[in-house]
Structure formats: structure tokens, C-alpha cells
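Contents: one structure, followed by commentary.
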Amino acid sequence: MELLPVYRITVFVPPAHLQALKDGICAADPLRLGHYEHVMWTSAPGEEQFRPLPGAVPAQGKVGELECGATVRLEFSIPRDPVRLRHVLEQGVYPHHPWEVPAVFVDESLFPLPELS
């Protein structure tokens, strides 16, 4: 078994925009792990909330009003390479996400990759 150092990237997105985001990310990076590519995990819809402040240009909701809506948690990982991470975020996530400031979290993690034949 190999412990592959990875960035685990978590993105929250409205359900209606999930497929476009997944397609954009996979166009920017193959997300390959072992003998598989386009490896992603999606969690069931939850709820998000936010209040846009003056100066915001919200994709949904109004400045000054609390907005609540459905959201999906999308996770994927890439090898720990800061240049690759920047590329995935700038080319895969941000242009394909509907929010002005997407909720994106990046953690350093290890992916236990079994010996493959």
C-alpha cells in the first residue's frame, strides 16, 4: 500500500449546478487515482445560509437579507502539487460555480492506495 499525499478539495454547490461543476473540474484535471479517473464523491443535499453584504453581487438572494437554500457537498482529491491545485481551482471550480465566492475548502490528506497489478 502506498500513502499518496493529496489535497482533498471540498466544494459546496446548489444541486442544479452540480453537473456543470463536475464537468468543469474533470475538463481541468482527470482526477485520476490508481486505475480510475474522474473520481469524486457527492453527499446528499443539505442546506446553506448566508446574508449578502453591501458590495456583494449574489447569484441568489438579496443584499441585506438572509438567504437559505439547498446545497450539495462535492469532494475530490489530487496529488499535492500547488500548481495543479491552482489550475483546478482557477480553471475547474471558479468558472463553473454560480456563486460570487464559492465555498471551497482544501485539506492536506493521505489517500491509501493499495498495490495495483
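Per residue Cα convex hull volume for segment 2-66, in cubic angstrom? Display every interim value, and only then the final one.
Values: hull volume 9.0 nm³, N = 65.
Spelled out: Cα convex hull of segment 2-66, divided by residues, is 138 Å³.
Just the Cα atoms of the chain, one point each, no solvent: what log10 I(q)/I(0) does Debye give at q = 0.19, 0.23 Å⁻¹?
Evaluating at q = 0.19, 0.23 Å⁻¹ gives log10 I(q)/I(0) of -1.01, -1.31.
Taking the chain as a Gaussian network, Cα atoms linked when under 10 Å apart, which of Gly92, Gly55, Gly24 shows the biggest mean-square fluctuation?
Judging by the Gaussian network model, the answer is Gly55.
Relative contact order of the chain, please, whole-number percent, based on alpha carbon pairs below 8 angstrom and at least 6 residues apart. Kindly include the intermediate steps, with their values, before the conclusion.
Numbers: 208 pairs, mean separation 56.5, N = 117.
That works out to 48 percent.
Quick one: 3J(HN,Hα) in Hz for segment 92-106, Karplus 6.51/-1.76/1.60 with θ = phi - 60°, rounded, Gly and Pro as x.
Per-residue couplings from phi come out as x, 8, 4, x, 10, 10, x, 7, 4, 10, x, 7, 10, 10, 10 Hz.
Going by amide H atoms built from the backbone, whose H comes under 5 Å of the H on Thr71, apart from near neighbours?
Answer set, sorted by chain and number: Gly46, Glu47, Glu48.
Relative to the longest principal Cα axis of the chain, at what angle does helix 18-28 sit, 0 to 90 degrees, rounded to 10?
It works out to around 50 degrees.
At 1.4 Å probe size, with every protein chain present, just tell me what the per residue accessible area of the chain comes to in Å². Walk me through the intermediate numbers first.
Working: 7170 Å² over 117 residues.
Per residue, the chain has an accessible area of 61 Å².
So how far apart, in nm, are the two label points at His87 and Glu65 if each is 7 Å from Cα heading toward Cβ?
Output for this residue pair reads 4.3 nm.
Taking H placed 1.01 Å from N in the peptide plane, check which residues at least 5 places from Leu31 or on another chain put their amide H under 5 Å from its amide H.
His38
If R₀ is 30 angstrom, what is the calculated FRET efficiency for the pair Glu115 and Ala20, using the beta carbon separation as r and rounding to 0.05? It would help to have the intermediate numbers written out before the result.
Details: r = 36 Å, r/R0 = 1.21.
Plugging the Cβ-Cβ distance into 1/(1 + (r/R0)^6) gives 0.25.
If one computes the Cα centroid of segment 6-57 and of segment 64-116, what distance in Å separates the two points?
Answer, in whole Å: 6.
Apply the Karplus parameterisation 6.51 cos²θ - 1.76 cosθ + 1.60, with θ equal to phi minus 60°, to every residue of segment 77-85 and state each ³J(HN,Hα) to the nearest whole Hz, in sequence, with x for glycine and proline.
Using θ = phi - 60°, the values come out as 9, 9, x, 5, 9, x, 5, 5, 4 Hz.
Quick one: with all protein chains in place, what share of the accessible area of segment 73-117 is carbon or sulfur, to the nearest percent (1.4 Å probe)? Walk me through the numbers on the way to the answer.
Values: 1520 of 2810 Å².
Answer for segment 73-117: carbon and sulfur cover 54 percent of the accessible area.
Provide the net charge surrounding Pro58, with neighbours chosen by a C-beta distance below 9 Å and charges set as Lys +1, Arg +1, Asp -1, Glu -1.
Numbers: positive: Lys62; negative: Glu67, Glu100.
The answer is -1.
The values are calculated or read from the model by the stated rules, or taken from the named source; none is laboratory data. For clarity, every value in this text was computed on a predicted model and none was experimentally measured. When we count neighbours, we look across all protein chains shown, and the Cβ atoms used for this are built from the backbone with ideal geometry, even at glycine. Each accessible area value is taken on the protein alone, full model and side chains, heavy atoms only, with ligands, DNA and RNA left out. Shrake-Rupley method; radii C 1.70, N 1.55, O 1.52, S 1.80 Å.
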